[in-house]
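Asker: Questions regarding the structure given below will be posed in turn.
What follows is calculated from the coordinates using simple rules that are stated; it is not laboratory data. Since this is a predicted model, take the numbers as computed values, not measurements. Don't worry about glycine lacking a Cβ; one is built from the backbone with ideal geometry, like all the others, and counts go over all protein chains shown.
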Amino acid sequence: MEQRISNLREEINASLAQAETLIALDEVRVKTLGKSGSVTGLMKELGSLPVEEKKQMGQLLNVFKNEIAALIEEKKSFLEEKELNERLQSEKVDVTLPVRPEVSMGRIHPVSQVMEEMLSIFAQMGFDLAEGPDIEDDFHNFEALNIPPSHPARQMQATFFMQNTTDKVLRTQTSGVQIRTMEGKKPPIKIVAPGRTYRRDYDMTHTPMFHQIEGLVIDKKTNLAHLKTTLVEFMKLFFETDDVALRFRPSYFPFTEPSYEADVGCSRENGEFKIKSGAGWCELLGCGMVHPNVLKNCGLDPDEYQGYAFGCGIDRFAMLKYGIPDLRSFFDADMRWIKHYGFLPLDIPTNTSGLSLNGGSKR
Ligand code: DAH
């Protein structure tokens, strides 16, 4: 038996020396220590030996078995390290290499960028974020906003209706979120609601899908001066200049009384807009004091509460701030356009308040 152990040891040592991979090593393990392996085979033979010899050989075989197991373990660690080193060598990334030209980097769309910028400023001014559904019902999109079925304002907003229904529409304005907010919460309310809006329109300044931000502030003493100050302060932060002139023109919206359209002072040079006072005016947004009927429709007493609202096109703000001439190009999915007007995610600028915004500034 001792002789056989010694022969087997040599044999196993030779196979271990030849095992160059973890797979080959495992084969050696199975052939020796496995169920029908050579070492296990010797152990099985112990049963047929006389008691004294069995004891003696048993000890010997145990030592031998442990010796082989240890050798296999040792070789395994060696091979594992070797394979890891080989992988590290072959998979090495050279971080100094220039970016391959065919790898094109994604850009943040100006609409997402500007939406982030606008929300971040409104957040600094204490507004909460509110949201509503793109598929809206007649009540929230029109009726509760003081636009009954026969109202001419319905024609002004060429509406997409969902198939086989007159009650569900693709929302024509984010103003419906005002209603949803007032239904769900008692004043004080101070929210902005960004989102997509839809109308059957298509030309240089209109696309069937566009983006708006709605603002609503309701409290007991909120007045027109608050609306004007809020908008002026917002414009200064957004356009990153103190040279902001706002002009309020009387206008009409069914859900505000009085209603205004606000224009911002700007010049237009070579097709590009530039914000500054004293040059010309550019139409910017609609606003006003919330109509008592709207408050009533949401279960609020107009003798107790009052407030202001405003609604602006995000796309328009993007065009003005970043000098983008044609609205339609926003939604053409043209890579050359997005490369030119898009933003890199890691550009982190600061606005005039010194607070860093989540997005980036122009390129
Ligand atoms: N919803 C209006 C539109 O889409 C914009 C608007 C005007 C919103 C006046 C308002 C507002 O909240 O007070 O044209």
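Asker: Calculate how steeply helix 22-33 sits against the longest principal axis of the alpha-carbon atoms of the chain, using the helix alpha-carbon long axis, and give the answer as 0 to 90 degrees to the nearest 10.
Answerer: 40 degrees
Asker: Another question about this same structure. Report the one residue of VAL30, LEU49, ALA17 whose Cα lies farthest in the direction of the positive end of the charge dipole of the range 2-90 (charges on C-beta: Lys and Arg +1, Asp and Glu -1; origin at the Cα centre).
Answerer: LEU49
Asker: Compute the distance from the alpha-carbon center of the range 19-45 to that of the range 282-350, in whole Å.
Answerer: Between the Cα centres of the range 19-45 and the range 282-350 lies a distance of 74 Å.
Asker: Same structure, new question: Antiparallel as a % of all DSSP beta bridges within the chain, to the nearest 5?
Answerer: About 95 percent, rounded to the nearest 5.
Asker: So, one more: Could you check the simple spin-label distance between GLU272 and ARG4, using points 7 Å along Cα→Cβ, in nm with one decimal?
Answerer: For GLU272 paired with ARG4, the spin-label model returns 9.3 nm.
Asker: Can I ask one more? Calculate the dipole size of the chain relative to its Cα centre from +1 charges on Lys and Arg beta carbons and -1 charges on Asp and Glu beta carbons; express the result in debye to the nearest 20.
Answerer: That gives the chain a dipole magnitude of about 240 debye.
Asker: Can you tally the net charge around LYS55? Count Lys and Arg as +1, Asp and Glu as -1, for every other residue whose Cβ sits under 15 Å from the Cβ of LYS55.
Answerer: Net charge in that neighbourhood comes out at -3.
Asker: Still on this structure: Tell me, THR230, THR96, THR166 in order of fewest to most beta-carbon neighbours within 10 Å?
Answerer: THR96, THR166, THR230
Asker: Scan around PHE273 for amide H atoms under 5 Å from its own, H built in the peptide plane at 1.01 Å from N, and keep only partners 5 or more places away or cross-chain.
Answerer: GLY323
Asker: What is the calculated FRET efficiency for SER112 to ASN223, with r their C-beta to C-beta distance and R₀ = 41 Å, to the nearest 0.05?
Answerer: 0.75
Asker: Students often get this wrong, so check it: of LYS190/LYS296; LYS236/LYS296; LYS228/LYS274; LYS220/LYS321; LYS221/LYS274; LYS190/LYS276, which have C-alpha atoms separated by over 25 Å?
Answerer: Table pairs above 25 Å Cα-Cα are LYS236/LYS296; LYS220/LYS321; LYS221/LYS274; LYS190/LYS276.
Asker: What FRET efficiency, computed as 1/(1 + (r/R0)^6) with R0 = 56 Å and r the Cβ-Cβ distance, is obtained for GLU45 and MET105, rounded to the nearest 0.05?
Answerer: 0.20
Asker: Let me ask something else about it. What order do you get for 44-53, 59-68 when each peptide is scored by the mean count of other beta carbon atoms within 10 Å, highest first?
Answerer: So the order, starting with the most tightly packed, is 59-68, 44-53.
Asker: Oh, and also: Nearest 0.05, what FRET efficiency do ASP334 and ASP242 give at R0 = 41 Å with Cβ-Cβ as r?
Answerer: 0.70
Asker: By how many degrees, between 0 and 90 and to the nearest 10, does the Cα long axis of helix 51-90 differ from the longest principal axis of the chain?
Answerer: 40 degrees
Asker: Let me ask you something else. Over the chain, what relative contact order in percent results from Cα pairs under 8 Å that are six or more residues apart?
Answerer: Answer for the chain is 15 percent.
Asker: Simple spin-label model, 7 Å along Cα-to-Cβ: ALA14 to GLU304 in nm?
Answerer: 9.9 nm
Asker: Using only the alpha-carbon atoms, how far is helix 224-239 inclined from the longest principal axis of the chain? Give it as 0 to 90 degrees, nearest 10.
Answerer: Roughly 50 degrees, rounded to the nearest 10.
Asker: If you don't mind, there's one more thing I want to ask. Within the range 85-166, list the trypsin sites (Lys or Arg not before Pro) lying in a DSSP loop whose Cβ has at most 15 other Cβ atoms in a 10 Å radius.
Answerer: The qualifying sites are LYS92.
Asker: Sorted by mean Cβ packing within 10 Å, highest first, what order do the peptides 29-42, 235-248, 176-189 take?
Answerer: By packing density, highest mean first, the sequence is 176-189, 235-248, 29-42.
Asker: Suppose only helical runs count, i.e. DSSP H with n ≥ 4. What mean residue ellipticity at 222 nm does that imply for the chain under -39500 (n - 2.57) per run, divided by all residues and rounded to the nearest 500 deg cm²/dmol?
Answerer: For the chain, the value works out to -12500 deg cm²/dmol.
Asker: Rank by packing, highest mean first: peptides 134-143, 190-199, 319-328, with packing defined as the count of other Cβ atoms within 10 Å averaged across residues.
Answerer: Top to bottom by mean Cβ count within 10 Å: 190-199, 134-143, 319-328.
Asker: Right, something else. Work out how much length GLU27 to ASP167 would gain on full extension: take 0.36 nm times their residue separation and subtract the Cα-Cα distance, in nm to one decimal.
Answerer: Difference between extended and current length: 43.2 nm.
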